[in-house]
Structure formats: structure tokens, C-alpha cells
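The values are calculated or read from the model by the stated rules, or taken from the named source; none is laboratory data. In this text the structure is predicted, and so the values were computed from the model without any measurement. With ideal geometry, Cβ positions are generated from the backbone for all residues, glycine too; neighbour counts draw on all protein chains shown.
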Amino acid sequence: MITLKSKREIALMHEAGKLLAECHNEIAQLIKPGITTMEIDEYVESFLKKHGATPEQKGYNGYKYATCASINDEICHGFPRKNPLNEGDIVTIDSVFNLNGALADSAWTYSVGTVSKQAQTLMDITYQALYKGIEQAQVGNRLGDIGHAIQSFVESTGFSVVRDFTGHGIGPTLHEPPQILHFGLPHKGLRLKEGMVITIEPMVNTGKYNSKLDKNGWTARTVDGSLSAQYEHTIAITKEGPLLLTDQGESNSFSL
Ligand code: MF3
Ligand code: CO
């Protein structure tokens, strides 16, 4: 069942989202060659504790960490680890914050030092793809409008959109209906209503869209070894248009 949120519930999720956005801004400052994704995970845990919030991913289906940290050809659900990040890597940090029972979910791809031109282009395209989707997150539009906007934009660049992982409704639990596909047909699918809160979180590969799962049962990576990036916001559907609950402001945004 799709739950519609009241203004008050959305305001509480927005508080969780602002905290998560602030944490992403801090992570942006921390990421450089030599830091480990385990150190970033520990930083996020202590940030949560300091602000009276909890990591929703920790314990979710047995997941052990506050963050997912997916490097280069890893698409999503990478485990934080003790290996240092290298100059030229790209790394996606994904976390779900719970503040007084209200959730917010946001993933961001960061460059480690200077990255290749291809990696930078991938990040730019993926970020823009997220905003193409957000533009369609309007009362009365259909889910296919979101998916189509993302897919047609990404494929026009020669990159591909991952099919095996999707966005989702969020609140009161992390993964709620509906599924938000990042591909699809315009004017098809469920109609968006005021009070829905969803994530849009396109994962884009420089090569083919196919993914495979590591032996750990969690981490997805590209089959062809190509690079993958992801940007994710939590968004409320309102009469006034899409409301970004995890907006980072100017500090960490790209030019569109
Ligand atoms: N933030 C992820 C998402 O977008 C959560 C993955 S579930 C986890 O849905 F347990 F792996 F963290
Ligand atoms: Co999500």
C-alpha cells in the first residue's frame, strides 16, 4: 500500500534529510586519496550519534554498516572497507538517516582527487539524469514520465541506466511501494499524488547496464567492468512541485 504523508510528516522527514545533506557536505570534505571507506562509515556513525539520529541501513536485512560505499565498477551496496581510496577512484556513499522515526535516503558519487575525463563526464551525466527525473515528479504525472526522462537523457549520451535496482517509496519504512524505475514509457504507470514521498536514484554505467552480484550477496557491479555512478534524493510530491528533502544547497551541487 502506498502511504500518503501529511505536511507534518513531510516536515519531519525534511529534518532528517537536512541532516543527511549536511553529512554529505562533510563527507565531500573528507574524501581524498588515502582515506578508507571504513573511516567514512565510522565518521557517519559518529555524526548520527552527535545529532541524536540512527543509521537505518544498519541491521536492515542483516546489512552491517551505516553506509554503502561503492567504488568504480561497483554499482551499489558496496561494503565499507579498510583499503585506502586511490587518486582517480570514484566512490558512491549511500546512507539512510532516521531522525525521531522520520527517514531520509540519499546517495552521492564523489571523486577521489583528480579523476579521468570519462569519470567526470559520468558523474555529470548521472547528476543531470537525477534532475531530469525530479523535474517530472509532479502531481498528475505518471511514474513512466520519471523513468523515461532519465532513460532517454542517459541513453542519448551513450551511457546506460541500471535496470536491476530502483528507487522506492519511503516512510514509515525504508523500502515502500511504489518502485521507481529509472527507465520506462511516458504517460504510463502509476499517477503521482500529493503526499507521496519517493526516492529517485539513477545508477548510470559508462558501458552496458547489466549488473552481477558479488559472492557477499550484496554488492552489485557492472558485468563489463565499466564505471558506475549514482545520485539519489528523497523527494516529496507536493502541489507546489517536487520538494527535495535531502537537498545539499549550492555547496555540493553541479552546474546543470
Ligand atoms: N540507500 C539504499 C537505497 O537506496 C539502501 C540499500 S539497503 C542496504 O535503497 F541495506 F543495503 F543499505
Ligand atoms: Co534509496
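Restricting to segment 2-17, name every residue that is in contact (Cβ under 8 Å) with a residue 60 or more places away in the chain and over 15 Å from Ile237 (Cβ atoms). Selection gives Leu12, Glu15, Ala16. Only one of the listed residues (Met203, Met123) is surrounded by fewer than 24 Cβ atoms within 10 Å (Cβ to Cβ) and hydrophobic (A, V, I, L, M, F, W, C). That residue is Met123. Among the numbered conditions (1) in contact with a Leu (Cβ under 7 Å, 6 or more places away or on another chain); (2) within 16 Å of ligand 2 (Cβ to nearest atom), the only one that Thr199 does not meet is (1).
Can you give me the number of residues within segment 209-240 that are in contact (Cβ under 8 Å) with a residue 60 or more places away in the chain, exposed (fewer than 15 other Cβ atoms within 10 Å of the Cβ) and over 23 Å from Leu174 (Cα atoms)? Residues meeting the conditions: 2. Taking the residues in segment 76-110 that are free of Cβ contacts under 8 Å to residues at least 60 places away in the same chain and not acidic (Asp, Glu) as candidates, determine which candidate is nearest to ligand 1 (Cβ to nearest atom). Only one residue fits best here, namely Pro80. Test Arg163 against the stated conditions and say whether it is surrounded by fewer than 20 Cβ atoms within 10 Å (Cβ to Cβ), over 21 Å from Pro242 (Cβ atoms) and either modelled with pLDDT under 95 or in contact with a His (Cβ under 9 Å, 6 or more places away or on another chain) (or both). Against the criterion (surrounded by fewer than 20 Cβ atoms within 10 Å (Cβ to Cβ), over 21 Å from Pro242 (Cβ atoms) and either modelled with pLDDT under 95 or in contact with a His (Cβ under 9 Å, 6 or more places away or on another chain) (or both)), Arg163 qualifies. The number of residues in segment 174-226 that are within 12 Å of ligand 1 (Cβ to nearest atom), β-branched (Val, Ile, Thr) and assigned to a loop (DSSP other than H, G, I, E, B) comes to 1. Within the set Ala229, Ala236, the sole residue that is assigned to a strand (DSSP E or B), within 24 Å of Asn72 (Cβ to Cβ) and either within 15 Å of ligand 2 (Cβ to nearest atom) or of a type outside the set (Val, Ile, Thr) (or both) turns out to be Ala229. Could you list, in sequence order, the residues of segment 196-216 that are closer than 21 Å to Ser6 by Cβ and touching a Ser or Thr at 6+ places or on another chain (Cβ under 7 Å)? Within segment 196-216, Val197, Thr199 meet the criteria. Of all residues assigned to segment 172-189, none qualifies as being touching a residue at least 12 places away in the same chain (Cβ under 8 Å), small (Gly, Ala, Ser) and at negative phi.
What tally of residues in segment 135-161 results from selecting those that are in a helix (DSSP H, G or I) and in contact (Cβ under 8 Å) with a residue 12 or more places away in the chain? Of the residues in segment 135-161, 12 are in a helix (DSSP H, G or I) and in contact (Cβ under 8 Å) with a residue 12 or more places away in the chain. Among the residues of segment 19-47, those identified as surrounded by fewer than 19 Cβ atoms within 10 Å (Cβ to Cβ) and either touching a Lys or Arg at 6+ places or on another chain (Cβ under 7 Å) or closer than 16 Å to Ile198 by Cα (or both) are Thr36, Met38.
Close Cβ contacts (under 8 Å, 6 or more residues apart or on different chains) running from residues in segment 58-75 that are on the phi > 0 side of the Ramachandran plot to residues that are assigned to a loop (DSSP other than H, G, I, E, B) and of a type outside the set (Gly, Ala, Ser) comprise Asn72/Asp89; Asn72/Leu227.
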